[in-house]
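Q: The structure under discussion is supplied below as C-alpha cells; questions concerning it will follow.
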Amino acid sequence: MYSNKVIDHYNNPRNVGTLDKNDPNVGTGMVGAPECGDVMKLQVKVNPETGVIEDAKFKTFGCGSAIASSSLATEWLRGKTVEEALAIKNTDIVNELSLPPVKIHCSVLAEDAIKAAIENYKSKSRPRVPEQAHV
Amino acid sequence: MKLPIYMDNHATTPVDPRVFKAMTPYLTNVFGNAASRNHSFGWEAEEAVDRARKQVADLIGATPKEIVFTSGATESDNLALKGVAQMYAEKGNHIITAATEHKAILDTCKRLEKEGYRVTYLPVQQNGLVDVDQLKAAITDKTILISVMHANNEIGVLQPVREIGRIAHENGVLFHSDGTQAVGKVPVNVLADNIDLLSISAHKMYGPKGVGALYVRRRNPRVQLTAQMDGGGHERGMRSGTLNVPGIVGLGEACGIAQTEMAEEAKRLSYLRDKLKDRLLASLDEVYINGTMEHRLPNNLNISFAYVEGESLLMGINDVAVSSGSACTSATLEPSYVLKALGAGDDLAHSSIRFGLGRFNTEEEVDYVAEKVIDVVKKLRELSPLYEMFKEGVDLTKVQWTAH
C-alpha cells in the first residue's frame, strides 16, 4: 500500500519542528482541517538578502502519505529560492513518493502549504503602507 | 510471541481448531445433501444439520425449529427486514432502527424506503445507546418492525434490547436484533430479551465464513416472513438453497463451545481489555473512550488518541492488526458514521482505533500492543501541529481552518 519512500519518510521524518513564527524572515503556512483528517504546518526561513530558503520545518497531522509529502517538501525547499519553491508542483511529489490516486490530495495539501508559507513570508517583508503613513 | 498480532476480532475470528475438526468429515466423506430423503448419505447430513440446529437454538434459548440457516448475518438481516416488511405490508409500512446499525441494516432500510416504506433512524446518545423514550415516541400505528442491534461492531456497546423488546411487544410491533457481535460473547436469550428475529454469524464466533442463521420466533407471536430466495423450499420455505452442511456443523460447534466457555472467556477478555485500556490511559493524555464502558462487549475497546490521525497510527503499529474509524482507511473517505453519531466530532473519529480482543490473544500480546501504541502515539504527537497548538493553549475549535 505504501511505497518505500513513504515508509522511509514516515519512519525518519526530515525537518520536524517549529520556527519562530514572529521572526520577520519566517513564513508559516497551515493548511487542511482536523475534521478532514489532515493538517499541515510548513515553515520556511528565508535569507532576505539572497531570497534563498535556509531552513524549512514541518509538523503534520495526517496519514503516512501526508507526513511523507510534507517531510519531502521541507527537503526540497532547503536551498531553493522563493521563486524556485513556488514552482514545486504536487505532481512532482506524487511522482517522487509514488502516491496512489486516493492519496493525491496529500500532495495537493503539501503544495498548498508551500504556497501559504511563502505568501506569509512575503506579506511580512512587504512594506505596510498604512502603518508607514502613521509614522 | 508471534508477529503480527491479530486484534481485530470484530472483523472476523479465526476458526477454532475444535470447530475445524468437527467440520472436516462433512467436507470429505460425509458429503450428502441434507435434503436427500432416500439414502444414508442424505440422512447423515440431515442428522448433522439437526444437531447443529439444536446447538444454535440452545445458545440463544430458542427451539431448533426456529433456526433458519443462511449464508451469514448480512443475509439474515436482509431476510428479516425485507421478509417482515413484505409479509406485514398490509398492517403498516413503518420501520424503526438506529443510526449506528451495521450497513446490512441501514442499506436494507434505504432499499425499503425506495419501495415506499418509511424508516425512522433513531439517533443515539453520547454513550452510544438508543434512548428508549425516543424509541417509544417514534412508534406509530403503522409501525411493523423495530430493528436494533444487540452489540455494536465498532464501539461494542450493548443496546438495551430487553427493554426495547418489551416496548415493541407492548405495542404489537415485531423486534429484530442483529446479534452478529453479541451471540457467543455475551448471554443472549430470545425469550428473556423479547426478541422475535435474531441475526447470527458464524465467523464472528470462531466458526467459518459464509454461514449464519436467523432466529424466527414461532410462538407469541408467530413471525412470518416472505422468502427472499425462491427455489426448493428449504428451511421451511424461508430460505431455499442446498444447506451448507460443513458450514452449519461449524456454526453449531462454535455455538456449543460458546455455550460452555462464554462466561470464563468473557472474564478473561474483559481483564485483558481493561489492562490495555488502563495502560493507555495511564501513559497518554487526551485519550477518549468511544461509547459507554458500562454496557459493553468484554472484548471491545474503541479509543480516540486526540491530535493523532488513525491511519498514521496504524502505519506505526503495522505488526498489530486493528482497525481505525479514520476516513483514510475506508473506501468512502468518510470517517466512521458510528463515531459521528455519538457527536464525538469528525476529528476524534479520524483519531480512533478499534481493538477487538479474541479467544487466542494472550496477556503478553496485550502488553506488547499497549507499549507499541503508546510509543507511536507519542512519536506522532511530536509531529502533530494540533498537539503543539493544544499544548500552547490554542482552542482548536476557534481556529479558522482551510477546509479542502
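Q: Using a Förster radius of 25 Å, what is the FRET efficiency between B:TRP43 and B:ASN220 based on their Cβ-Cβ separation? Nearest 0.05, please.
A: Here the calculated transfer efficiency is 0.15.
Q: Note down the relative contact order for chain B as a percent, whole number, built from C-alpha pairs under 8 angstrom at least six residues apart.
A: Reported as a whole number, the value is 21 percent.
Q: Can you pull the Kirkwood radius for the protein assembly as shown, inverse mean 1/r over Cα pairs, to one decimal in Å?
A: It is 25.8 Å.
Q: So, one more: With respect to the cross-link table entries A:LYS89/B:LYS398; B:LYS103/B:LYS142; A:LYS122/B:LYS391; B:LYS65/B:LYS204, which display a Cα-Cα separation exceeding 26 Å?
A: As for pairs spanning more than 26 Å Cα to Cα, those are A:LYS89/B:LYS398; A:LYS122/B:LYS391.
Q: Would you mind getting the Kirkwood hydrodynamic radius of the range A:4-122 from its Cα pairs, rounded to one decimal in Å?
A: Computed over the range A:4-122, the radius equals 13.8 Å.
Q: Taking Cα pairs under 8 Å and at least six residues apart, what relative contact order does chain A come out at, in percent?
A: Normalised by residue count, the contact order of chain A is 29 percent.
Q: Rounded to the nearest 5, what % of DSSP beta bridges with both residues in the protein assembly as shown are antiparallel?
A: Percent antiparallel among DSSP bridges in the protein assembly as shown is about 65.
Q: Still on this model: Where does each of A:SER98, B:SER36 land when they are ranked from fewest to most other beta-carbon atoms within 10 angstrom?
A: A:SER98, B:SER36
Q: If you don't mind, another one. Restricting attention to chain A, give the cysteines that have no other cysteine Cβ less than 4.7 angstrom from their Cβ.
A: A:CYS36, A:CYS106
Q: For chain B, which span is the longest to avoid every loop-located (per DSSP) member of GluC sites (Glu not before Pro) having at most 10 other Cβ atoms inside 10 Å?
A: B:91-293
Q: Ok, one more. In nm², what is the average projected area of the convex hull enclosing the Cα atoms of the range B:17-258?
A: One quarter of the hull surface, i.e. the mean projection, equals 12.4 nm².
Q: Can I ask one more? Springs between alpha-carbon pairs under 10 angstrom, Gaussian network model over chain B: which of B:LYS54, B:LYS185, B:LYS379 fluctuates most?
A: Answer for the Gaussian network model of chain B: B:LYS379.
Q: Quick one: Cα centre-to-centre distance for the range A:7-27 and the range B:1-77, in angstrom?
A: For the range A:7-27 versus the range B:1-77, the Cα centre distance is 57 Å.
Q: Here's another thing I want to ask about it. Through the Karplus equation 6.51 cos²θ - 1.76 cosθ + 1.60, θ set to phi - 60°, convert the phi angles of the range B:179-187 into ³J(HN,Hα) values in whole Hz; use x for Gly and Pro.
A: Calculated HN-Hα couplings, in order: x, 3, 8, 8, 5, x, 10, 9, x Hz.
Q: Please state the Cα pair-distance histogram of the range A:1-50 with 5 angstrom bins from zero: what percent is in each bin?
A: Spelled out bin by bin, the range A:1-50 gives 5, 16, 17, 18, 21, 12, 7, 3, 0 percent.
Q: Quantify how strongly other chains surround peptide B:377-389 by giving the mean number of their Cβ atoms within 10 Å of each of its Cβ atoms.
A: The per-residue average across the peptide is 5.
Q: Only Cα pairs within less than 10 Å get springs; with that Gaussian network setup on chain B, which residue of B:GLY61, B:GLY232, B:GLY343 has the largest fluctuation?
A: B:GLY232
Q: Would you mind classifying the range B:335-382 by shape? Square roots of the alpha carbon gyration tensor eigenvalues, ordered a ≥ b ≥ c; an a/c under 1.5 is rounded, otherwise it is prolate if a/b is larger than b/c and oblate if not.
A: oblate
Q: Here is a follow-up. Among A:CYS63, A:CYS36, which comes first, then next, by fewest other beta-carbon atoms within 10 Å?
A: The most exposed by this proxy come first: A:CYS36, A:CYS63.
Q: Quote the FRET efficiency, to the nearest 0.05, computed for A:THR50 versus A:ARG126 with a Förster distance R0 of 22 Å and r equal to the Cβ-Cβ distance.
A: Using R0 = 22 Å, I get an efficiency of 0.75.
Q: Now a separate question. Would you please put B:119-128, B:171-180, A:114-123, A:81-90 in order of how densely packed they are, using the mean number of other Cβ atoms within 10 angstrom per residue and starting with the highest?
A: B:171-180, A:114-123, B:119-128, A:81-90
Q: Which whole-number percent is the relative contact order of the range B:1-154 (Cα, under 8 Å, 6+ apart)?
A: 19
Q: What is the Rg over Rh value, at two decimals, for the range B:262-345, using alpha-carbon atoms and the Kirkwood definition of Rh?
A: Ratio of gyration radius to Kirkwood radius for the range B:262-345: 0.97.
Q: Shape of the range B:73-112 from its Cα gyration tensor (a ≥ b ≥ c, root eigenvalues): rounded if a/c is under 1.5, otherwise prolate when a/b > b/c, or oblate?
A: Since a/c reaches 1.5 but b/c is at least a/b, the shape of the range B:73-112 is classed as oblate.
Q: Taking each residue of A:59-71 in turn, how many C-beta atoms of other protein chains fall within 10 Å of its C-beta, and what is the average?
A: Across the residues of A:59-71, the mean count of other-chain Cβ atoms within 10 Å is 6.
Q: Right, next: Working out 0.36 nm times the residue gap between B:GLU363 and B:ALA321, then minus their Cα-Cα distance, what length gain in nm do you get to one decimal?
A: 13.5 nm
Q: Let me ask something else. For the charge dipole of the range A:4-122, defined by +1 on Lys and Arg C-beta atoms and -1 on Asp and Glu C-beta atoms about the Cα centroid, which residue among A:LEU86, A:ALA116, A:LEU99 has the Cα displaced farthest towards the positive pole?
A: The residue sitting farthest along the positive end of the dipole is A:LEU99.
Q: Going by how many other Cβ atoms sit within 10 Å of their own, how do A:LYS124, A:LYS103, A:LYS59 line up, fewest first?
A: Lowest count first: A:LYS124, A:LYS103, A:LYS59.
Q: Ok, one more. Based on alpha-carbon positions alone, could you give the equivalent ellipsoid semi-axes of the range B:106-233 from the gyration tensor, as √(5λ), descending, whole Å?
A: Largest first, the range B:106-233 gives 22, 20, 16 Å.
Q: Please work out whether chain B counts as rounded, prolate or oblate from its C-alpha gyration tensor, where a ≥ b ≥ c are the square roots of the eigenvalues and a/c under 1.5 means rounded, while otherwise a/b larger than b/c means prolate and anything else oblate?
A: Because a/c hits 1.5 or more and a/b fails to exceed b/c, chain B counts as oblate.
Q: Peptide B:312-318: average number of partner chain Cβ atoms within 10 Å per residue?
A: Taking the mean over all residues of the peptide, I get 5.
Values in this text are rule-based calculations from the coordinates and carry no lab data. Computed from a predicted structure; not experimentally measured. We place every Cβ from the backbone using ideal geometry, glycine too, and count neighbours over all the protein chains shown.
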